[in-house]
Amino acid sequence: MPGYKGHLTGCTVVAGGALAGLLYLNVISAPPLTIASLFAVALMATMFPDTDTESKGQNFFYAIMAIVDVILIINKEYEWAALLGLFAMLPSLGKHRGWTHTWWAMLVVPLPLIFLPMAFFHTPWDVTLPFYIAAVVGYGTHLVLDTLF
């Protein structure tokens with residue numbers, strides 16, 4: 001089973017390669033900040049399954065979540081800060097390699113990336129779909145690496 005460095009490396013190769021390929025083939029066209037955000041979502045998603053146990057991956061994930069939460073609070077985005085806190089707590093409701101390491105969770109856990117912007121800001125689903133896909137790719141990379149190693 002790879003550690004957090006293995007998961008981050010594997011996700012970097014898969015998600016980074018996919019983004020680079022899509023850009024090269026002109027399948028997608030997006031500003032650099034959007035591309036960086038998609039890549040960051042994939043990296044965070046690849047760490048998510050291991051947030052259910054004490055690990056360096058868990059520490060990395062929650063450090064990033066805390067920074068984002070503080071930024072949201074500073075910007076008076078209290079609803080988003082509360083939602084982030086709620087969803088960040090969910091892995092503690094199971095045991096290690098429990099529900100966070102299932103294929104259905106890979107598809108369900110990222111769904112708020114589509115539905116919350118729709119509910120709060122009336123953002124069309126096709127705008128947030130790339131972020132959902134990035135999260136599924138990152139999450140899936142974690143599950144594949146755990147299966148292989």
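The values are calculated or read from the model by the stated rules, or taken from the named source; none is laboratory data. Note that the structure is predicted; figures quoted are calculated from it, not measured. We place every Cβ from the backbone using ideal geometry, glycine too, and count neighbours over all the protein chains shown.
Scanning region 27-73 for residues that are touching a Phe, Trp or Tyr at 6+ places or on another chain (Cβ under 6 Å) and of a type outside the set (A, V, I, L, M, F, W, C) yields a count of 3. Helices (runs of 4 or more DSSP H) fully within region 1-99 that include at least 3 residues being modelled with pLDDT of 90 or more and within 20 Å of V136 (Cα to Cα): 4-24, 32-47. Checking each residue in region 117-149 for being hydroxyl-bearing (S, T, Y) and free of Cβ contacts under 8 Å to residues at least 40 places away in the same chain picks out T123, T128, Y132, T147.
Residues being touching a residue at least 60 places away in the same chain (Cβ under 8 Å) and more than 15 Å from L143 (Cα to Cα): count how many of those fall in region 100-116. Spell out how you get there, then give the answer.
Of region 100-116, the ones touching a residue at least 60 places away in the same chain (Cβ under 8 Å) are 109-110, 113.
Now narrow it down to the ones that are more than 15 Å from L143 (Cα to Cα): 113.
Qualifying residue count for the region: 1.
Within region 114-130, is there a residue that is within 17 Å of the chain's Cα centre (by Cα), hydroxyl-bearing (S, T, Y) and under 13 Å from A42 (Cα atoms)? So far as region 114-130 goes, no, none of its residues is within 17 Å of the chain's Cα centre (by Cα), hydroxyl-bearing (S, T, Y) and under 13 Å from A42 (Cα atoms).
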